[in-house]
Amino acid sequence: MRSIFGLALAATICGPMASAQQVPVTSYMLENGMEVVVIEDHRAPIVTHMVWYRVGAADEPVGKSGIAHFLEHLMFKGTATVPDGQFSPIVEANGGDDNAFTSQDYTAYYQQVAVDRLPLMMEMEADRMRGLILDDADMLTELDVVLEERALRTDSDPGALFGEQRDAAQFLNHPYGTPVIGWPDEVNALTLQDALDFYGVFYAPNNAILVVAGDVQPEDVLALAEQHYGPLKPSEGISKRMRPQEPPQRAARRLVYNDPRVASPYVIRSYLAPNRQAGDQTQAAALSLLADVLGGGGITSLLGQRLQIEEDIALASGAFYSGLSYDPDTFGMYVVPKPGISLEAAEARMDATLEYFLKTGVDPARLARSKASILASEIYAMDSQSGLARRYGAALTSGLTVADVAAWPDILQAVTEADILAAAQDVLDIRRSVTGYLMGEKETGQ
């Protein structure tokens, strides 16, 4: 083992939030390549134990969409020491709760328990990292569960189906255009060997990050990690994540999705946008503030003020950008028009508002309000122990570092009007956009 560094994260802003506590964060690397991050939170005798794998839906083999999420389900099957289906009941019997989730860039598993149960959680999680036992019956059972989940969460929701189509239109070459849950025909064709192959390569200590947040001491967590995770053999199949990238987009794309279940039609536009970069997060911070200035905070944002209050044509409006992805993703905005207002008219007013913004610049009061709001959200997130663990896990599996997470609040605070306008000019190019209309079956855009 070698220690990388210990770091105290201190996010400060003026006013009542200035007394926000420091969050000590320590990072280590085990000999087998597993990263260990310890976040001290001594407010209660509980701990959040998370294992994050640097593999998600965007890392799947071509034609095997949904396998990352499918394997997440299979991980709750048995090992030689934990009987099939008993992982979660054991956690619950020890007074804790657990779950897992898959994104385009990572798959994560967590338990929240009393501190004295942490050794057991590590023992069980390390056991299934390399010791999962699967058979055809397990595979078929969970395959049905996944397909049912897709039917409930995606196929029954016109907005989710619309989102899949927009992603597919946005990303012609990059795997972000494929849904995390997978395309139904490909999911249905997955085999036990597909799952075993994926598991054997990617579920290994040298592709994992252990994040422990709670009433713990770093040296104690490290000792436990060396005991339980240290003996695990690394995978020889792990290499730098190299995904197909998007070619230059030279023409705007448009689509219309009709569905009789749509109650509130809306127009939405997304642009290809850079993600947060390790050691250089200024543009991402500017885009975060741009999204908040344009469409955050409801009617206090520029879109809300103009379209919902002054022009009174919209029921809702907003803008969005996270930047927390391994590869470039999107910046977007939307308008839900009032009944009787066409989507074309709503789009035209959205464009007019954007043009007004680019000409007049950032209102200083609105920018100050956006900074205060975002920084307050960053600090409030520290009140949640699991939120802290997720913040670091998501960042590290997206290519950032512990130092980047610590620096983020100060980088946001330092963003200037010039930074925001430069980011807007760079990203909000209609030629690199996808505009979508979601509407009922018999509607037109008129």
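For ASP185 and SER384, compute 0.36 nm times the residue count separating them, minus their Cα-Cα distance, and round to one decimal in nm.
On the way: separation 199, 0.36 × 199 = 71.64 nm, distance 3.91 nm.
Between ASP185 and SER384, full extension yields an extra 67.7 nm.
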**Report entry** Label-point separation in nm, GLU31 to ARG243, each point 7 Å along Cα→Cβ
**Finding:** 3.4 nm
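Fully extended, how many nm does the chain gain between ALA372 and ALA345 (0.36 nm per residue separation, minus their Cα-Cα distance)?
On the way: separation 27, 0.36 × 27 = 9.72 nm, distance 3.31 nm.
Taking ALA372 through ALA345 to full extension adds about 6.4 nm, to one decimal.
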Query raised in the report: Which of the lysines could be linked to LYS64 by a straight reach, that is with a Cα gap under 27 Å, when you skip same-chain ones fewer than 8 residues away?
Result: LYS77, LYS233, LYS240
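First compute the accessible area of the chain with a 1.4 Å probe, then give the percent of it belonging to carbon and sulfur atoms. Spell out each step's value before the answer.
Values: 9980 of 18640 Å².
For the chain, the apolar C and S fraction of the accessible surface comes to 54 percent.
In Å², and per residue, what accessible area does the chain have when probed at 1.4 Å with the other protein chains present? Please report the intermediate quantities before stating the final value.
Working: 18640 Å² over 446 residues.
Here the per-residue accessible area is 42 Å².
Report the gain in length on full extension from VAL145 to SER264: 0.36 nm times residue separation, minus Cα-Cα distance, nm rounded to one decimal. Numbers along the way, then the final one.
Numbers: separation 119, 0.36 × 119 = 42.84 nm, distance 3.04 nm.
Length gained between VAL145 and SER264: 39.8 nm.
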Query - Kirkwood hydrodynamic radius of the chain, from inverse mean 1/r over distinct Cα pairs, in Å - result: 23.5 Å
Query raised in the report: Longest segment of the chain with no trypsin sites (Lys or Arg not before Pro) in a DSSP loop having at most 13 other Cβ atoms within 10 Å?
Result: 44-239
Report summary line: For 46-53, 211-218, ranked highest to lowest by mean beta-carbon neighbours within 10 Å, the order is 46-53, 211-218
Report summary line: Here D for region 128-201, in µm²/s, from Stokes-Einstein with a Kirkwood Rh over Cα pairs at 4 °C and 1.567 mPa s, works out to 93 µm²/s
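The values are calculated or read from the model by the stated rules, or taken from the named source; none is laboratory data. Just so we're clear, the structure is a prediction, and the values are computed from it rather than from any experiment. Ideal geometry is used to build each Cβ from the backbone, glycine not excepted, and the neighbour counts take in all protein chains shown. Accessible surface is based on the protein model in full, side chains and every heavy atom, while ligands, DNA and RNA are left aside. Shrake-Rupley method; radii C 1.70, N 1.55, O 1.52, S 1.80 Å.
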